[in-house]
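The values are calculated or read from the model by the stated rules, or taken from the named source; none is laboratory data. Just so you know, these numbers come straight off a predicted model, no measurement behind them. Don't worry about glycine lacking a Cβ; one is built from the backbone with ideal geometry, like all the others, and counts go over all protein chains shown. The protein model used for the area step is the full one, side chains on, heavy atoms only, and it has no ligands, DNA or RNA in it. Shrake-Rupley method; radii C 1.70, N 1.55, O 1.52, S 1.80 Å.
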Amino acid sequence: MKDFKDFSICYDAQEMLKKAENDGVETVWDRHEKQQPQCGYCELGLSCRICSMGPCRIDPFGEGPQKGVCGADADIMVARNLARMVAAGSASHSDHGRDLVEVLYKVGCGKAQGYEIRDVEKLTNLAKEYNVYEDNISIQELAKKLALAMMEDFGMKKERITLINRAPAKRIELWEKLKVIPRGIDRETTETMHRTHMGVDNDYVSLLLQSVRNSLSDGYGGSMIGTEVSDIIFGTPKPAMSTVNLGVLKEDHVNILVHGHNPVVSEMVYLAVTDPEMIAYARTKGAEGINLAGLCCTGNELMMRKQIPMAGNHLMTELVMITGVVEAIIVDYQCIMPSLVDVAKCYHTKLFSTSDKAKFPNVKHVEFSPETAKEKAYTIIKEAIDNFTNRKKQKVKIPVFPVKTMTGFSVEAILDALGGSLDPLIDAIKAGKIKGAVGVVGCNNPKIKHDYGHVELIKRLIENDILVLTTGCANVAAGKAGLQIPEAKELAGPGLKEICNSLGIPPSLHVGSCVDNSRILVIACALAKALNVDISDLPLAGAAPEWYSEKAVAIGFYVMASGIFTVLGVMPPILGSKNITELALKGLNDVFKASFAVEPDPIKASEIIIEHIKQKRVALGLPI
Ligand code: BF8
């Protein structure tokens, strides 16, 4: 008998896993088990299938081959594989950012139905930052100009991407010395792919430096643009309450879920489901109304701006259908497991793909473009409503009631909460009421008990007076555990509790989706500038306790390269190279003044982070 408590700490997940077993549905955990033992060469980074002289592998015990057919040794193999992970991750975030710039441009041209400029102040500020501001032109014209300027960041005309200038002078100086300032967003990803082709860059240090440059083109480029343009078009988030877990689904409503990452699709879906005509149509089919909820980062985007409830994170995306009440899942791209198609077949759920970049066999594809998104959203919602009558009563089970969670902590919202400047936060850090801040970010991974890594780590940090900022799937875990509501201050240490009390904020703040890690960078940069130090001097850390994706590797690289010590819960495929492992865990400190640690146990990870923050405080002469 399986004990599903070993799989997830969440009651809703455990109940759905039991039901999956009864319903004969295979889940990600089943497939993970069937894959055991997973390939040891790949785990160590010692396999290579870059060219057709291979595939090759290197024997980690020194008995078999020590070089690939081309002559690549363990260092080259590990570095090339890792670099390609960074390139794929950066490409994903940055292509998402590009899609938003395209919408911004079309809004400027008056060709994007349903979209508008919601944050004119941000548009104006960004236009000034990009040096394209003119005060005698229309908002639309300005949007077009900014979009065109941002497009140049993607290309090869510039020597450095624009928003890298947000970093403090000391960090920029260091990056200049190391020659890792990104020149163009696409350029760096292409160059990483070029360098990792057989027989190009055969020096592992050089490959890793390019990986850093590539990741910075994501953090301060594609992702930062993604966040800023989303705010311009859809509004900059403000703190508000919402709900989370499978209990957000409603038995008497048509349940529609959005899954993926890009708010360009989900915002139009929101528009359609709130249309009284569509709600009236749902009533004609016997439903009380339409219930829209989110999954993964598109869910985060909608929750941040519209307080749309969140059904679950990465490992909940199959389980959500097992409730038997989901009429439709509308996906855009990234983190959408192909298995969703198989699970949907066991229930009445209809899947809809919306991006030419992310198609699925036998799934209805409704292509969204800025010009037609609104009308396409209506088409899908109508079909979802029609599907309500296909629901099978005997298959329905919603295992929990939803819990409250607080959302909407954009940089602007954090500044607002602080009364307009970072000073109160700086004072609290100096006084030791807040010992430091940690970004807890990233995914779920069946290798780690679902949500355990996030929740245990966050609990330990806040009880030690460390403010937590969450993004991505970490946010959902924290929200479900009740850590993102103001009442969670009771779980915080006395200093953090006092600050939460006076500001009315939770000790763990939802700052958005994974591209919104750029918001964490902006805060770190602003703090360093205000104190006239480097980011690496600050009592900060990053953590990705349950990461799985290549995007997370890119994030880890740009966070470390920004000077923030980063703890990973899952070992990246580097152990096959002694040189690279030593560099990642220690040597990087001499180069970037920050490094990585790997610790799957969140309690031990919290101890490592607390000690790191102590050391940073001592170095700054602050009380510990
Ligand atoms: O971009 S945290 S599983 S949903 S990769 Fe994916 Fe990881 Fe979730 Fe968002 Ni980020």
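About the Cα centre of the stretch 486-589, how large is the charge dipole given +1 on each Lys and Arg Cβ and -1 on each Asp and Glu Cβ? Please answer in debye to the nearest 20.
Approximately 160 debye in magnitude.
Using θ = phi - 60° and the Karplus form 6.51 cos²θ - 1.76 cosθ + 1.60, what ³J(HN,Hα) does each residue of the stretch 460-472 get, whole Hz, x for Gly and Pro?
5, 5, 5, 6, 9, 6, 10, 6, 10, 10, 10, 9, x
For the chain, give the magnitude of the charge dipole about the Cα centre (Cβ charges: +1 Lys/Arg, -1 Asp/Glu; no others), in debye to the nearest 20.
Working: 71 positive and 76 negative charges, 52 e Å.
Once rounded to the nearest 20, the dipole reads 240 debye.
Tell me whether the stretch 184-254 comes out rounded, prolate or oblate; compute the Cα gyration tensor, take square roots of the eigenvalues as a ≥ b ≥ c, and use a/c under 1.5 as the rounded threshold.
Values: a/c = 3.75, a/b = 2.36, b/c = 1.59.
It is prolate, given that a/c is not under 1.5 and a/b is the larger ratio.
Would you mind checking which residues have amide H under 5 Å from Ile308's amide H? H placed 1.01 Å from N; only 5 or more apart, or other chain.
Met303
Can you count the Lys pairs in the stretch 398-449 whose Cα atoms are under 30 Å apart, with each pair 8 or more apart or on different chains?
Values: Lys404/Lys433; Lys404/Lys435; Lys404/Lys447; Lys404/Lys449; Lys435/Lys449.
Lysine pairs meeting both conditions in the stretch 398-449 amount to 5.
Taking the alpha-carbon centroid of each part, what is the distance from the stretch 138-202 to the stretch 1-73 in angstrom?
Cα centroid of the stretch 138-202 versus Cα centroid of the stretch 1-73: 34 Å apart.
Specify whether the C-alpha gyration tensor of the stretch 233-280 places it in the rounded, prolate or oblate class, a ≥ b ≥ c being the square roots of the eigenvalues: rounded for a/c under 1.5, otherwise prolate if a/b is larger than b/c and oblate if not. Numbers along the way, then the final one.
Numbers: a/c = 1.63, a/b = 1.18, b/c = 1.38.
Oblate shape, in that a/c is at least 1.5 and b/c is the bigger or equal ratio.
Taking all protein chains as present, what is the carbon and sulfur share of the accessible area of the stretch 367-524, in % to the nearest whole number, probe 1.4 Å?
55
Using the Cα gyration tensor of the stretch 1-87, with a ≥ b ≥ c the square roots of its eigenvalues, what is the shape: rounded (a/c below 1.5), prolate (a/b larger than b/c) or oblate (neither)?
Judged from the Cα gyration tensor, the stretch 1-87 comes out prolate (a/c at least 1.5, a/b above b/c).
When the Karplus curve 6.51 cos²θ - 1.76 cosθ + 1.60 is applied with θ = phi - 60°, which whole-Hz ³J(HN,Hα) does each residue of the stretch 227-232 get, with x for Gly and Pro?
Values, residue by residue: 5, 5, 6, 4, 5, 4 Hz.
Could you let me know the centre-to-centre spacing of the stretch 532-575 and the stretch 253-280, using Cα atoms, in angstrom?
34
On the protein heavy atoms, probe 1.4 angstrom, tell me the percent of accessible surface of the stretch 20-87 carried by carbon and sulfur.
Accessible surface attributable to carbon and sulfur in the stretch 20-87 totals 50 percent.
Roughly how big is the stretch 1-127's charge dipole about its Cα centre, with Cβ charges of +1 (Lys, Arg) and -1 (Asp, Glu), in debye to the nearest 20?
The calculated dipole for the stretch 1-127 is roughly 460 debye.
Can you compute the helix-only [θ] at 222 nm over the chain? Use -39500 (n - 2.57) per DSSP H run of at least 4 residues, normalise by all residues, nearest 500 deg cm²/dmol. If you can, show how the numbers build up before the last one.
Working: 25 runs with 287 residues, N = 624.
Calculated mean residue ellipticity at 222 nm is -14000 deg cm²/dmol.
Suppose a student asked you for the relative contact order of the stretch 177-241, using Cα pairs under 8 Å spaced at least 6 residues apart; what percent would you report?
So the answer I get is 36 percent.
On the principal axes of its Cα set, how long, how wide and how thick is the chain? Give whole Å, largest value first.
66, 65, 51
What is the percent carbon and sulfur in the accessible area of the stretch 247-353, measuring with a 1.4 Å probe over the protein chains and ignoring ligands?
Taking all protein chains in place, the stretch 247-353 shows 52 percent carbon and sulfur surface.
I want to check a number: in the stretch 117-239, how many lysine pairs have alpha carbons closer than 28 Å, given a sequence separation of 8 or more or different chains?
The number of close lysine pairs in the stretch 117-239 is 27.
Give the aspartates and glutamates whose C-alpha is closer than 20 Å to that of Lys459, dropping any in the same chain fewer than 8 places away, or say none.
In chain and number order, the partners are Asp6, Asp451, Glu487, Glu490, Glu498, Glu546, Glu599, Asp601, Glu607, Glu611.
Say the dipole of the chain comes from +1 at the beta carbon of Lys and Arg and -1 at that of Asp and Glu; which of Leu292, Val515, His450 then lies farthest toward its positive end?
Checking the options against the dipole of the chain, the answer is His450.
How about the stretch 16-112: which GluC sites (Glu not before Pro) there are in a DSSP loop, with at most 10 other Cβ atoms within 10 Å of their Cβ?
For GluC sites (Glu not before Pro) across the stretch 16-112 that sit outside H, G, I, E and B with at most 10 neighbouring Cβ atoms in 10 Å, the list reads Glu63.
Using a 1.4 angstrom probe, figure out how much accessible area the chain has per residue, in square angstrom, rounded to the nearest whole.
For the chain, the solvent-accessible area averages 38 Å² per residue.
Just want to confirm a number: the relative contact order over the chain, from Cα pairs under 8 angstrom separated by 6+ residues, in percent.
17
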